[in-house]
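Scroll down for the structure; my scribbles are underneath it.
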Amino acid sequence: MRFEEFKTAIRTALIQHPEGLTWKELKDLETLPYKTPCPTWVAQLESEIGLIRKRRKGNALIWELNKD
């Protein structure tokens, strides 16, 4: 999977789920082949599509798109 495919999958899923999703939920929903997300790609998503991640119960981070 290339970065552009990854970015499209993440953006599409988060547009469909504006309340946000955890990495596991994204991975399962989009059938992503990665155990954990690449930190470099996550940083790119933050700047390119406005990805933000915040804590929720436990250690899971919620991924969502910046609503501003």
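The values are calculated or read from the model by the stated rules, or taken from the named source; none is laboratory data. In this text the structure is predicted, and so the values were computed from the model without any measurement. Note that we place each Cβ from the backbone using ideal geometry, even for glycine, and neighbour counts take in every protein chain shown.
Listed values, structure above:
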{"quantity": "Hits in the range 39-68 - residues which are among the β-branched types (Val, Ile, Thr) and under 15 Å from LEU14 (Cα atoms)", "calculated": "VAL42, ILE49, ILE52, ILE62"}
{"quantity": "Output for the range 1-24, where each listed residue is in a strand (DSSP E or B) and either hydrophobic (A, V, I, L, M, F, W, C) or within 12 Å of GLU48 (Cα to Cα) (or both)", "calculated": "LEU21"}
{"quantity": "Looking only at the range 1-13, and only at residues there that are within 12 Å of LEU65 (Cβ to Cβ) and among the hydrophobic types (A, V, I, L, M, F, W, C), the one that is surrounded by the fewest Cβ atoms within 10 Å (Cβ to Cβ)", "calculated": "ALA13"}
{"quantity": "Within the range 23-54, considering residues that are polar (S, T, N, Q) and at pLDDT below 95, the one nearest to the chain's Cα centre (by Cα)", "calculated": "THR36"}
{"quantity": "Any pair with Cβ under 9 angstrom, 6 or more apart, that starts in the range 40-67 at a residue that is closer than 15 Å to LEU26 by Cβ and ends at one that is of a type in the set (A, V, I, L, M, F, W, C) and in a loop (DSSP other than H, G, I, E, B)", "calculated": "LEU65/ILE49"}
{"quantity": "The range 14-68, subset out of contact with any helix residue (DSSP H, G or I) (no Cβ under 9 Å at 6 or more places or on another chain) and at positive phi, residue surrounded by the fewest Cβ atoms within 10 Å (Cβ to Cβ)", "calculated": "GLY58"}
